[in-house]
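Read the structure below first, then the notes.
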Amino acid sequence: MDPITLGIIVAIALIALMAIGTPIAFALGGVSLLALLYDRGLAELTYFGETFFDRIAEFGFVAIPMFILMGAAVASSPTGRDLYRSLDLWMGRLPGGLAVSNIGACSIFAALSGSSPATCAAIGKMGIPEMRVRGYPDGVAAGCIAAGGTLGILIPPSVTMIIYGISTETSIGRLFIAGVVPGFMLAGLFMIWTMIACKMAGGYNNPLAESAERLKQTVKHNVDSNLKALVRVLPFLGVVAGILFALYGGVATPSEAAGVGAFLCLALAILIYRMWQLGPIKLIMRDSLRESVMIMLVIATAEVFAYALSSMFITQTVAAAIADMEVNRWVLMGVINLFLLVAGFFLPPVAVIVMTAPILLPIIIAADFDPYWFAVILTINLEIGLITPPVGLNLFIIKGIAPDISLRDILMGSLPYALCMVLGILLLCLFPGIALWLPNLIMG
């Protein structure tokens with residue numbers, strides 16, 4: 001059987017398994033095992049085990065559970081609430097100021113937690129009810145939180161960037177820096193659209209519950225409370241700044257910086273918010289363990305899957321076919337973007353990166369594109385998948401937070417932000433320096 005036909009059969013089998021609800025790691029591992037048995041026989045089982053364990057035995061992967069623990073410590077504490085209050089104080093007077101402050105809170109909380117679902121849930125639980133009380137349209141309230149939550153995988157420190165760096169053997173520190181300016185550019189585009197949407201809707205900042213006199217009486221108390229909340233958040237921001245300084249200054253490796261950051265965030269959560277009870281600590285450890293094991297399983301089985309494809313010459317044949325396409329390199333980039341966009345509709349970011357990045361990177365370099373610039377493009381494509389059907393993880397998190405908002409309203413409110421991300425990709429293609437200027441400035 002020729003490699004292309006074999007590759008199509010493997011792809012159909014993988015899609016079929018995931019369509020019936022098989023966990024991604026087991027679908028990847030099962031298809032890989034069957035393909036290797038078909039192609040090489042029982043003797044290949046030895047290499048299956050070796051490949052599985054060798055991949056996750058790399059020291060660099062220690063950074064993943066540590067950054068996840070760091071994010072879990074932040075997400076399980078009232079940090080999101082304090083961050084939300086502080087930004088509402090400063091941005092509340094803008095058109096649609098409360099919605100804009102929610103996006104700002106998502107941007108900063110994304111840097112603290114590194115997780116899109118955690119950002120979406122932490123800020124959404126406070127932001128969505130408050131926006132609805134003040135008269136914001138349901139679509140705007142749901143859409144700005146769903147979109148703001150996606151920034152968690154782009155603004156550093158980002159677990160997905162770590163996985164991309166290990167999968168492609170590129171500098172994690174440089175990847176982190178490359179995501180800074182594009183991340184805040186997207187946050188800016190989100191804020192601009194939010195203000196436009198609020199103006200068009202004509203309903204926002206409408207205090208239904210309190211009279212003007214009562215608002216006047218409570219404003220001083222609110223200012224004091226929000227300033228105190230900001231003071232509680234600053235140590236966590238200091239930890240993130242310290243981690244980035246350690247990475248970019250060559251003081252520590254990503255694994256070392258992640259370990260120190262996890263310890264400090266856990267200690268701050270305990271000290272600042274008095275989380276002395278064993279229950280919250282156990283919850284943080286449990287959530288961190290579950291997410292870490294899930295990611296490591298996906299990475300290990302994706303490595304076996306890549307090994308199986310390479311053993312059957314599927315990867316080499318597809319890469320050669322793409323490389324031999326006599327098309328402009330931007331047409332090639334358009335095809336790759338479309339592929340990543342579709343993949344992001346169905347698969348979580350971690351799975352897409354570990355399955356496709358090692359295959360696509362040689363093609364990207366051969367077409368004279370920068371691998372760090374491409375990492376940002378890839379990540380934004382995967383962000384779009386978080387707020388678009390059929391999977392759209394952030395959409396379902398919003399639905400869980402506000403079950404009385406219809407899924408249609410959530411989707412329609414999120415789609416303009418997906419278009420903002422498409423605009424962001426176009427801007428990065430026209431001006432690659434958006435992603436590359438800061439890494440080149442800091443690291444040469």
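The values are calculated or read from the model by the stated rules, or taken from the named source; none is laboratory data. Because the structure is predicted, anything quoted here is derived from the model rather than measured. Ideal geometry is used to build each Cβ from the backbone, glycine not excepted, and the neighbour counts take in all protein chains shown. Areas reflect the complete protein model, heavy atoms only, side chains present, ligands, DNA and RNA absent. Shrake-Rupley method; radii C 1.70, N 1.55, O 1.52, S 1.80 Å.
Quick one: accessible surface of residue 172, probe radius 1.4 Å, all protein chains present, in square angstrom to the nearest 10.
Its accessible surface works out to 20 Å², give or take rounding.
For the chain, what relative contact order do you get, as a whole percent, if you take Cα pairs closer than 8 Å and at least 6 residues apart?
Normalised by residue count, the contact order of the chain is 26 percent.
Which one of 148, 49, 433 has the biggest mean-square fluctuation once the chain is modelled by GNM with Cα springs under 10 Å?
Highest fluctuation among the options: 49.
Using the alpha-carbon centroid of each, what span in Å lies between the range 139-184 and the range 2-22?
With the range 139-184 and the range 2-22 each reduced to a Cα centre, they are spaced 29 Å.
If you find the alpha carbon centre of the range 284-317 and of the range 424-444, how far apart are they in angstrom?
For the range 284-317 versus the range 424-444, the Cα centre distance is 30 Å.
Sort the range 1-73 into rounded, prolate or oblate with this rule: let a ≥ b ≥ c be the square roots of the eigenvalues of the Cα gyration tensor; rounded if a/c is under 1.5, and if a/c is not under 1.5, prolate when a/b is larger than b/c, oblate otherwise.
oblate
Over the alpha-carbon set of the range 284-410, divide Rg by the Kirkwood Rh and report the Rg/Rh ratio to two decimals.
Radius of gyration relative to Kirkwood radius: 1.04.
In the chain, once you exclude exposed GluC sites (Glu not before Pro) (DSSP loop, at most 16 other Cβ within 10 angstrom), what's the longest stretch remaining?
327-444
For the chain, return all DSSP H helices satisfying: extent of Cα atoms along own axis at least 20 Å; mean Kyte-Doolittle hydropathy at least 0.5.
Going by DSSP H runs, the hits are 3-19, 24-40, 97-113, 172-201, 212-248, 254-272, 278-311, 329-346, 349-366, 371-386, 407-430.
So which residue, out of 337, 394, 328, gets the largest mean-square fluctuation from a GNM of the chain using Cα contacts under 10 Å as springs?
Of 337, 394, 328, the Gaussian network model singles out 328 as fluctuating most.
Quick one: check the C-alpha center-to-center distance for the range 100-121 versus the range 41-72, whole angstrom.
After rounding, the separation between the Cα centres reads 28 Å.
If the elastic network links every pair of Cα atoms under 10 Å, which of 106, 144, 420 fluctuates the most in the Gaussian network model of the chain?
420
Could you point to the label whose value was computed as Rg and Dmax of the Cα atoms in Å for the structure here, given (i) 26.3, 87; (ii) 24.3, 88; (iii) 22.5, 80?
Computed from these coordinates, Rg and Dmax of the Cα atoms in Å corresponds to label (iii).
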